[in-house]
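Beneath this line is the structure, given in structure tokens, with notes to follow.
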Amino acid sequence: MIRRRSDLVLSREPSARLVPWIIGLMTYLACLMLAGALLLSVLLEQWTSDMTGTVTVQVMPMEGESQEAMEDRVDKLVRLLQRSQGVAAARSIPLPEIAALLEPWLGAGAALDELPLPRLIDVTFDEASPASLEVLRTMLSNADPGAVLDDHGIWQEQLAGLIGALGAVAGFIVVLVAVATVGIVIFATRSGMAAHQDVIEVLHLIGARDVFIARQFQNLALSQGFRGGLIGIALGAATLWSLSRAAAHLDTSMLPPVSLLAWHWGLLAALPLATALIANWTAKRTVVRSLRKLV
Amino acid sequence: MRYGTGPEVLREVTFSLAPGSFHFLTGRSGAGKSSLLKLMYLAHRPSRGLITLFDEDIATVPRKRLPLLRRRIGVVFQEFRLLNHLSAFDNVALPLRVAGVRDSTVRKNVRELLHWTGLADHMKARPPTLSGGQQQRVAIARAIIAKPSLLLADEPTGNVDEAMGVRLLYLFEELNRMGTTVVIATHSEALISRFQHPVLHLEDGVLTTRHAAAARSGATGEAPSTSAAGAKP
């Protein structure tokens, strides 16, 4: 019969069976938090890369100005922008598109002709040598006092701030979960030591080093941590899968399609490894510290 | 030597054991026999006094080195202290495994010793299924498997009939002939008079030495190898 030498010494306690499940629930929480944080980072990345390299110029209507006069001003600005250094393309957004953008607020078929709507010019920068926002801003206000440059900066900053805060909360919860796992393992190891007091004493007296005795508990903790981690990511994977199914049924015009990258999945899959190592390390520290009280 | 803030269990105990000597340790229950043995197998440190073991001062030996010293001491505990969830074989193998001896060597030595102690048919038995005498032999086998320099036995003949007790004593004498220093705590005057070894007698925490007629070595002078517990009031 092949047994690991260090499996010899401890008998299994029934209460030890509960530990993997508690660690499993902890890992489940950590898995969801981590997945959430990673998704947010992907989302932020996507939005930022979509928006950098573009700016929008708003052209405000003047008092009593006719459609045609406004159209002229916009055309002039578009031509000016197209000639500018570092601008790859400039395009005035036609009225029907603006109407479509406003539809959710104004309803279909609103009399847009009668409303003094600002016009929008979509500007795409030359990626190799993008135009300076400051230069562009001065140039535009010199050419037309009604032209305003919007670089999405404020909106982007607020969004990044929000996503950063959410990510920090998720990270904090992951840390709390790790701390709680350490606590569980300490508790389990201590009760295991109490249950095996006689065995520990005999081992100690026949010349076992503290690390030898610790190893007996570490092996148990390692397997409990790993099994707990597996339970956790199994539950986590099931949850993420059903969430993604639910998201697929949603109208996706509101949300850009977001999915985790390969290394994100790798990180989540490595969670049982992390819980196993945390449990192993914690058990060792707990046993060695407590054995130091012996002669 | 005292426990907590209680009275001193051992007070005037000065002796040294020559390597290869054989001593009985006697005294009424509660006289401090077990406490003295515990000091000798390093389960306790003395509250005052000097213990030199294998030429090392126990008070100054770093804790890290104590396991190595303990591996040179075989102990037969009064209540055996076998691990009930392990087989007789694994119980006897424990000191070797703890010391990191190779598995093939462990198997060979343990099998040999179990044959020698008449437990060959019970290798896989767990201690609770063995008789008192068999458990005792497992305990003794565990104490001597690593060929200790010092063997301490606390009432090793307490649970067996006299004939068995005598056989165990012969076993200890055999070990002693191979160089192991032996100290046996016992109540049995019959064994003491039969085997004629010097006697360490404890009374109220004070130790006196009684030389048997045929004593081979006394307890004198500076200890070459094993010496224990000096504490003057």
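Please work out which one of (1) modelled with pLDDT under 80; (2) on the phi < 0 side of the Ramachandran plot is the condition residue B:4 fails and give its number.
Residue B:4 satisfies all of (1) modelled with pLDDT under 80; (2) on the phi < 0 side of the Ramachandran plot except (2).
Tell me which residues, restricted to the range A:111-165, are open to solvent by less than 40 Å² (accessible area, probe 1.4 Å), under 29 Å from residue A:64 (Cα atoms) and part of a helix (DSSP H, G or I).
A:112, A:136, A:140
Does at least one position in the range B:49-67 carry a residue that is touching a Pro at 6+ places or on another chain (Cβ under 7 Å) and either under 20 Å from residue B:169 (Cα atoms) or within 14 Å of chain A (Cβ to nearest Cβ) (or both)? Steps first, answer last, please.
Let us first name the residues in the range B:49-67 that are touching a Pro at 6+ places or on another chain (Cβ under 7 Å), namely none.
Looking for residues that are touching a Pro at 6+ places or on another chain (Cβ under 7 Å) and either under 20 Å from residue B:169 (Cα atoms) or within 14 Å of chain A (Cβ to nearest Cβ) (or both), one finds none in the range B:49-67, hence no.
Could you list all residues from the range B:103-144 that are free of Cβ contacts under 8 Å to residues at least 60 places away in the same chain and of a type in the set (A, V, I, L, M, F, W, C)?
Of everything in the range B:103-144, those that are free of Cβ contacts under 8 Å to residues at least 60 places away in the same chain and of a type in the set (A, V, I, L, M, F, W, C) turn out to be B:106, B:110, B:113, B:114, B:116, B:119, B:120, B:123, B:125, B:130, B:138, B:141.
Taking the stated definitions as given, is residue A:181 touching a Phe, Trp or Tyr at 6+ places or on another chain (Cβ under 6 Å) and either assigned to a helix (DSSP H, G or I) or buried (at least 17 other Cβ atoms within 10 Å of the Cβ) (or both)?
Numbers: touching a Phe, Trp or Tyr at 6+ places or on another chain (Cβ under 6 Å): no; either assigned to a helix (DSSP H, G or I) or buried (at least 17 other Cβ atoms within 10 Å of the Cβ) (or both): yes.
For residue A:181, the condition - touching a Phe, Trp or Tyr at 6+ places or on another chain (Cβ under 6 Å) and either assigned to a helix (DSSP H, G or I) or buried (at least 17 other Cβ atoms within 10 Å of the Cβ) (or both) - is not met.
Could you check how many residues of the range A:43-87 are over 16 Å from residue A:151 (Cα atoms), assigned to a helix (DSSP H, G or I) and not hydrophobic (A, V, I, L, M, F, W, C)?
Residues flagged as over 16 Å from residue A:151 (Cα atoms), assigned to a helix (DSSP H, G or I) and not hydrophobic (A, V, I, L, M, F, W, C) within the range A:43-87 amount to 12.
Does the range B:157-205 hold any residues that are at pLDDT below 80 and either under 26 Å from residue B:53 (Cα atoms) or polar (S, T, N, Q) (or both), and which are they?
Across the range B:157-205, the qualifying residues are B:157, B:159, B:204, B:205.
Kindly state which strands (runs of 3 or more DSSP E) lie completely within the range B:1-107 and contain at least 2 residues that are within 26 Å of residue A:199 (Cβ to Cβ) and open to solvent by less than 70 Å² (accessible area, probe 1.4 Å).
Per the criteria, B:73-76.
Check the range A:276-293 and report whether any residue there is modelled with pLDDT of 90 or more and closer than 14 Å to residue A:34 by Cβ.
No, the conditions are met nowhere in the range A:276-293.
For the range A:203-246, give me each residue that is more than 14 Å from chain B (Cβ to nearest Cβ) and of a type in the set (Val, Ile, Thr).
Across the range A:203-246, the qualifying residues are A:231, A:233, A:239.
Among the residues of the range B:108-120, which ones are assigned to a helix (DSSP H, G or I) and either among the polar types (S, T, N, Q) or closer than 17 Å to residue B:71 by Cα (or both)? Working first, answer last.
Residues of the range B:108-120 that are assigned to a helix (DSSP H, G or I), as a first pass: B:108-116, B:120.
Selection gives B:109, B:110.
Return the pair list, or none, for Cβ contacts closer than 6 Å from residues in the range B:2-30 that are closer than 16 Å to residue B:188 by Cα to residues that are surrounded by 18 or more Cβ atoms within 10 Å (Cβ to Cβ) and of a type in the set (Gly, Ala, Ser), at least 6 apart or on different chains.
B:25/B:185
The values are calculated or read from the model by the stated rules, or taken from the named source; none is laboratory data. Since the structure is predicted, the reported quantities are computational estimates derived from the model, not experimental observations. Neighbour counts are summed over all protein chains in view; Cβ atoms, including those assigned to glycine, are modelled from backbone coordinates with ideal geometry. The protein model used for the area step is the full one, side chains on, heavy atoms only, and it has no ligands, DNA or RNA in it. Shrake-Rupley method; radii C 1.70, N 1.55, O 1.52, S 1.80 Å.
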